[in-house]
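Report on the structure given below.
The values are calculated or read from the model by the stated rules, or taken from the named source; none is laboratory data. Predicted, not measured: the structure shown is a model, and the values here were computed from it. Positions of Cβ are backbone-derived with ideal geometry, glycine not excepted, and every protein chain shown enters the neighbour counts.
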């Protein structure tokens, strides 16, 4: 299937989603917000892959929302000012929720999502990568909460997620100033796991990490993602109780035996893929 903002390739149980509008710095047009959740939910729902890698083309990872394609958002009919304000506010709220849901699919899907960032990761790009499981960058990469520079407050996921990834004081500084955080600083504060010399080395390195993930038991990987997300948002006591309930329900002796046998015999494990989700039809 052809997409306006993406190409998708699935190979060796890894789905590689690539942003393909380098001439526009991979900015986020309306089709982006529509297609990303359809792609991710299709991969996850039909268990087409065991890991997802998101990368992009050109010198910059993502320039954020393409404001020109969304217009000013102003109400055009000749109604009263009061009605116009109400309609504008309700329309903006609905649009924000739509974009939030579009990126939340990365966090909600059952398989890990790895982001490979080169050049600028700006505005909405930060919203996107903060919803991924892990982030990797090239030496020339930088991250900026750019919304402050155009009179906005980031509203598609940066603050709820970034505050749980890096120190709050750093988030505040980035948000209030709109300055660039270099790849080196991002690694230092824990936003990215690893920094690579160039894009080619980064993409190959991230794909290799994805291959390692894909070689593990899918149900156990799903459990890890679910538990880490749950632990992040709940107390230690709640997290301990939840993992006990999870393993009581999902722990599979056959998969454990296969994993241990494969390790002993130094061979790839033969594991069962996750089932198709009911929502996939």
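Which one of these is in the same structural domain as residue 62 (by TED's automatic domain parsing), in a loop (DSSP other than H, G, I, E, B) and closer than 13 Å to residue 117 by Cβ: 203, 192? I'd like the intermediate steps shown before the answer.
Working: 203 fails: in a loop (DSSP other than H, G, I, E, B).
Exactly one of 203, 192 is in the same structural domain as residue 62 (by TED's automatic domain parsing), in a loop (DSSP other than H, G, I, E, B) and closer than 13 Å to residue 117 by Cβ, namely 192.
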Being surrounded by 12 or more Cβ atoms within 10 Å (Cβ to Cβ), touching a strand residue (DSSP E or B) at 6+ places or on another chain (Cβ under 6 Å) and over 23 Å from residue 120 (Cβ atoms) narrows it down to one of 15, 63, so name that one.
-> 15
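For the stretch 153-162, indicate whether the set of residues that are crowded, with 24+ Cβ neighbours inside 10 Å and in the same structural domain as residue 48 (by TED's automatic domain parsing) is non-empty.
As a first pass, look at the stretch 153-162 and keep what is crowded, with 24+ Cβ neighbours inside 10 Å: 156, 158.
The next check asks that each one be in the same structural domain as residue 48 (by TED's automatic domain parsing); those that pass are 156, 158.
Checked against the condition, which is being crowded, with 24+ Cβ neighbours inside 10 Å and in the same structural domain as residue 48 (by TED's automatic domain parsing), the stretch 153-162 yields at least one hit.
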Which one of the conditions (1) at pLDDT 95 or above; (2) surrounded by 14 or more Cβ atoms within 10 Å (Cβ to Cβ); (3) farther than 20 Å from residue 61 by Cα does residue 180 fail to meet, given that it meets all the rest?
-> (3)
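Every residue, every condition in (1) surrounded by fewer than 21 Cβ atoms within 10 Å (Cβ to Cβ); (2) touching a residue at least 60 places away in the same chain (Cβ under 8 Å), yes or no:
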site	(1), (2)
29	yes, no
82	yes, no
88	yes, no
105	yes, yes
108	yes, no
143	no, no
Is there any pair linking a residue in the stretch 254-273 that is farther than 18 Å from residue 50 by Cα to one that is part of a helix (DSSP H, G or I) and modelled with pLDDT of 95 or more, with Cβ under 8 Å and at least six apart or on different chains, and which?
-> none
Conditions (1) surrounded by 14 or more Cβ atoms within 10 Å (Cβ to Cβ); (2) out of contact with any helix residue (DSSP H, G or I) (no Cβ under 9 Å at 6 or more places or on another chain); number of the one not met by residue 172 = (1)
